[in-house]
Amino acid sequence: MSDHPTIDHDVLVIGAGGAGLRAAIEAASHGTRVGVITKSLLGKAHTVMAEGGVAAAMGNVDDRDSWRVHFADTMRGGQYLNNWRMAELHAKEAPARVNELEKWGALFDRTKDGRILQRNFGGHRYPRLAHVGDRTGLEMIRTLQDHGIHEGLDVHMECTVVTLLHDGERIAGALAYDRERGRFKVFRAKAVVLATGGIGRAYSISSNSWEYTGDGHALAYLAGAALQDMEFVQFHPTGMIWPPSVRGILVTEGVRGEGGVLKNRDGRRFMFDNIPDNYKSQTADNEEEGWRYTQGDKDARRPPELLTRDHVARMIVREVKEGRGSPHGGVFLDIAWIKDRVPNGAEHIKKKLPSMYHQFKQLANIDITNEPMEIGPTTHYVMGGIRVDGDTQMSTVPGLFACGECAAGLHGANRLGGNSLSDLLVFGKRAGEYAAQFARTNGDVRIDEREIDDGMQYALAPFDRGASGESAYQVQDALQTTMQDLVGIVRAQHEMEQALRELDKLKQRAERVGVPGNREYNPGWHTALDLRHLLIVSEAIARSALERRESRGGHFRDDFPDKDPAFGTFNHVVRRGQDGAMALEREPIPPLPAELAAIIEEMK
Ligand SMILES: Cc1cc2nc3c(=O)[nH]c(=O)nc-3n(C[C@H](O)[C@H](O)[C@H](O)COP(=O)(O)OP(=O)(O)OC[C@H]3O[C@@H](n4cnc5c(N)ncnc54)[C@H](O)[C@@H]3O)c2cc1C
């Protein structure tokens, strides 16, 4: 069975998105031999899809901004469940990481006096998102990729990790297969960094790419690591909803940042109808003030369309439920109206939102400079993930690090837009630095051949069952429907209990999945192997959500619609128990240091 090449690295980074590449660059700069594995192509990770920008308190557009305001905004957005140390480091270090990216060749949009331009985004008090039109992720990946290649990274493309390998308690590498030929490869490494992104493919309506099957979350869990805050899934308020083939594709928050407004069927700007108390003092109470804010008036407050995503998504759901939605079950997002306010309006919209213009023109035959878009919520991001140390990004398993979307902590109960790209840069760098340090200060690893054999046997089992087994696609479809319908934007106890029962049945079906054909580029096989990961993250989400008997951030309970202060003192953590079953615990949040508590109080 165990006929395979073994490839040695000091640090193995799994994932070539923004987080993985930044980690790899950093580890290499500390003199370690670094390998990067990606299940797609270099330059094609999910990060490439990021649109609106990267949040960093540089103060280029509004000099009242500072790390302290960014920290307070991030904590308020996360409803104080954040790992405050991560929120502090993130706010302090993001500007340096963006400037560094510019030094490496990233071309951001500019202010009139030649500095990096920053735009408004939901939940950020001041214009804070450095951007390249609405194609920021592409520029970020391009820059990191170019820089990384010159650091001598060893890149393994179209290679999927199926299991992590151990040397005793410590992580020792990974078993993977190449997608082209289906051949196994063993990677031996002194430290491993997981940077595998999110879980959106556990839901049927999602803005996420095919890569988001929760692999890193599940690989870490199976390797003994803890997952944290898994109940917090972000449903972005604005995804395309029509035609059905494009349902879920993201409509960037940048549209609202540029002055786009949300209206119901009756043409009413319903977001003014319900502004949460903790945002009232920062939110415009009339349309004119909201417009002035989007145009840079420092005395104006943000329009309610730029409240946090969890709130905006729920308000849209309410309009639809109460019969004031658009024809295809969403609401309208209108940017065309700004033509009355800005010179050369249509050209202005195309320049500010080039991808949105083309996306709607080509996919929905809508000209956004003339007509409103029809939009609705879409599964977008997971705040929950691998539990890590705030400074080093090491998980609860020695030698196993995690950064980017697959790690938890920074965003608490809800992520602010733009805070992911800065998360990738800040904590990618930290993960790379500390993984390199771990590799240098801990000796060589020994790989257990039995673990490799077990991994291969598991991966090849679907071929033994062949065409007579269950279809992987049907199981995946049933899982996505279960999560969408029963553990979605609005949750209730009986639905989540039903979801857990359904997931149990799906686990059994997944064990019977069979795959016809051979190992060469066989998408049925790839889907069969994704199922284990999707099932683990779905169960973690459902179990954690069931236990959180309150509403907070991305988690909204119909049966407990209010926030309960008692639930604000701990994070939910799941681990694999001795018996193989998922066990959930409460981990108290350490008290805030006085200095940080004072900042939050001051900014309230
Ligand atoms: C449409 C869209 C727009 C967005 N816009 C913004 C924005 O403007 N600002 C912002 O801050 N955030 C934005 N986000 C969120 C942000 O893009 C993501 O959170 C972020 O890019 C995740 O980066 P990452 O490095 O963690 O993962 P990714 O970029 O997804 O990289 C994951 C990598 O892991 C690899 N991988 C996964 N599993 C395996 C496996 N088993 N074996 C090997 N490799 C594996 C993948 O191939 C990939 O290379 C947006 C998201 C979407 C969907």
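The values are calculated or read from the model by the stated rules, or taken from the named source; none is laboratory data. Note that the structure is a prediction, hence the values are computed from the model and not measured. In this analysis, Cβ positions are derived from the backbone assuming ideal geometry, glycine residues included, and neighbour counts consider all displayed protein chains. Ligands, DNA and RNA are stripped out before the accessible areas are found, and what is left, the full protein with its side chains, is counted by its heavy atoms. Shrake-Rupley method; radii C 1.70, N 1.55, O 1.52, S 1.80 Å.
Please determine, in degrees from 0 to 90 and to the nearest 10, the orientation of helix 84-103 with respect to the longest principal axis defined by the Cα atoms of the chain, where the helix direction is its Cα long axis.
For helix 84-103, the angle is close to 90 degrees.
Report, in whole Å, the centroid distance computed from the Cα atoms of the range 259-337 and the range 416-437.
32 Å
Sorted by accessible area with a 1.4 angstrom probe, largest first, how do E322, E231 fall? Please list the in-between numbers first.
Values: E322 105, E231 0 Å².
Largest accessible area first, the residues go E322, E231.
Calculate what fraction, in whole %, of the accessible area of the range 70-141 sits on carbon and sulfur atoms when a 1.4 Å probe is rolled over the protein chains.
Here it works out to 53 percent.
Under 20 Å Cα-Cα from K112, which lysines qualify once same-chain neighbours fewer than 8 residues away are excluded?
K103, K298, K350, K351, K352
Enumerate by residue number the GluC sites (Glu not before Pro) in the range 166-227 meeting two conditions: DSSP loop (anything except H, G, I, E, B), and at most 10 other Cβ atoms within 10 Å of the site's Cβ.
Passing sites in the range 166-227 are E169.
Give me the one-decimal Kirkwood hydrodynamic radius in Å for the range 201-291, with the sum taken over alpha-carbon pairs. Spell out each step's value before the answer.
Working: mean 1/r = 0.0599 Å⁻¹.
One decimal place: 16.7 Å for the Kirkwood radius.
Considering Cα pairs under 8 angstrom that are at least six residues apart, work out the relative contact order of the range 404-511 and quote it in whole percent. Please report the intermediate quantities before stating the final value.
Numbers: 30 pairs, mean separation 20.2, N = 108.
Relative contact order comes out at 19 percent.
Highest mean first, how do 455-461, 536-542 rank when packing is the count of other Cβ atoms within 10 Å averaged over residues?
Values: 455-461: 17.3, 536-542: 27.0.
Final packing ranking: 536-542, 455-461.
Roughly what would the spin-label model give for E287 and R501, points 7 Å off Cα along C-beta, in nm?
4.9 nm
For a Förster distance of 25 Å, can you work out the FRET efficiency between the beta-carbons of H358 and A478, rounded to the nearest 0.05? Mind showing how you got there, number by number?
On the way: r = 34 Å, r/R0 = 1.38.
Step by step, r from the Cβ atoms, then E = 0.15.
Rank S245, S326 by accessible area, highest first, at a 1.4 Å probe radius? Spell out each step's value before the answer.
Working: S245 105, S326 10 Å².
Listed by decreasing accessible area, they come as S245, S326.
Going by average Cβ neighbours within 10 Å, how do the peptides 132-142, 444-454, 311-321 rank, with the highest at the top?
132-142, 311-321, 444-454
Give the residues of the range 538-565 whose amide nitrogen is closer than 19 Å to a point set 7 Å from the Cα of Q493 in the direction of its Cβ.
Flagged as within label range: 542-552, 555-565.
If packing is taken as the average count of other Cβ atoms within 10 Å, what order do 572-580, 419-427, 35-43 fall into, highest mean first?
Details: 572-580: 14.4, 419-427: 28.7, 35-43: 22.0.
In descending order of packing, they fall as 419-427, 35-43, 572-580.
When the Cα centres of the range 83-149 and the range 339-360 are compared, how far apart do they sit, in Å?
23 Å
Setting aside same-chain residues fewer than 8 positions from K604, which aspartates and glutamates have a Cα under 14 Å from its Cα?
Filter leaves D73, D277.
What Kirkwood Rh does the chain have if only Cα atoms enter the pairwise 1/r average? Answer in Å.
Evaluated on the chain, it is 24.2 Å.
Treating only the Cβ of Lys, Arg, Asp and Glu as charged (+1, +1, -1, -1), what charge dipole size does the chain show about its Cα centre? Round to the nearest 20 debye. Please list the in-between numbers first.
Numbers: 75 positive and 85 negative charges, 137 e Å.
Computed about the Cα centre, the dipole is about 660 debye.
Quick one: Cα centre-to-centre distance for the range 44-77 and the range 161-238, in angstrom?
Computed from Cα coordinates, the inter-centre distance equals 26 Å.
Per residue of the range 120-133, in order, report the coupling 6.51 cos²θ - 1.76 cosθ + 1.60 (Karplus, θ = phi - 60°) as ³J(HN,Hα) in whole Hz, putting x for Gly and Pro.
Taking θ as phi minus 60°, the curve returns 6, 8, x, x, 8, 5, 10, x, 9, 8, 5, 8, 10, x Hz for the range 120-133.
Hey, with R₀ at 45 Å, roughly what FRET efficiency would E595 and Q508 work out to, going by the Cβ-Cβ distance, to 0.05? It would help to have the intermediate numbers written out before the result.
On the way: r = 52 Å, r/R0 = 1.16.
Efficiency for this residue pair is about 0.30.
Given a 1.4 Å probe and heavy atoms of the protein chains only, how would you sort H147, H411, largest accessible area at the top? Show your work: numbers first, answer last.
Values: H147 45, H411 5 Å².
Largest accessible area first, the list is H147, H411.
If you roll a 1.4 Å probe over the heavy atoms of the protein chains, what accessible area per residue do you get for the chain, in Å²?
Per residue, the chain has 37 Å² of solvent-accessible surface.
All other residues with a Cβ under 15 Å from the Cβ of R115 taken together, and with Lys, Arg as +1 and Asp, Glu as -1, what is their net charge? Let's see the in-between values first.
Details: positive: K103, R110, K112, R119, R128; negative: D62, D63, D65, E102, D109, D113.
Taking every other residue near R115 into account, the sum is -1.
Just subtract the alpha-carbon distance of A467 and I149 from 0.36 nm times their residue separation and send over the number in nm, one decimal. Display every interim value, and only then the final one.
On the way: separation 318, 0.36 × 318 = 114.48 nm, distance 4.22 nm.
Going from the current span to full extension adds 110.3 nm.
Let me understand the range 1-91 better: what is its radius of gyration from the alpha carbons, and its Dmax, in angstrom?
In order Rg, Dmax, the Cα atoms of the range 1-91 give 18.2, 63 Å.
Extending each Cα 7 Å along its Cβ direction at E550 and D299, get the distance between those two points in nm, one decimal.
It is 4.0 nm.
Could you tell me which residue out of L584, A202, L460 lies farthest along the dipole of the chain toward its positive end? Charges go on the beta carbon: Lys and Arg +1, Asp and Glu -1, centred on the Cα centre.
Positive-most Cα among the choices belongs to A202.
Roll a 1.4 angstrom probe over the protein heavy atoms and tell me the percent of accessible area of the range 477-604 that is carbon or sulfur. If you can, show how the numbers build up before the last one.
Numbers: 2930 of 6000 Å².
Looking at the range 477-604 in its full context, I get 49 percent from C and S.
Please determine, in degrees from 0 to 90 and to the nearest 10, the orientation of helix 67-77 with respect to the longest principal axis defined by the Cα atoms of the chain, where the helix direction is its Cα long axis.
Orientation of helix 67-77: about 80 degrees from the principal axis.
Helix-derived [θ] at 222 nm for the chain: sum -39500 (n - 2.57) over DSSP H runs of at least 4, divide by residue count, nearest 500?
On the way: 17 runs with 223 residues, N = 604.
Calculated from helices alone, the mean residue ellipticity at 222 nm is -11500 deg cm²/dmol.
Could you please state how large a percent of the accessible area of the range 201-342 is carbon and sulfur, counting protein chains only and using a 1.4 Å probe? Mind showing how you got there, number by number?
Details: 2220 of 4760 Å².
Carbon with sulfur: 47 percent of the solvent-accessible area.
Report the label-to-label distance for R115 and T6 in nanometres (one decimal), using points 7 Å from each Cα along the Cα→Cβ vector.
5.4 nm
Using the alpha-carbon atoms, what tilt in degrees (0 to 90, nearest 10) does helix 354-364 show relative to the longest principal axis of the chain?
80 degrees
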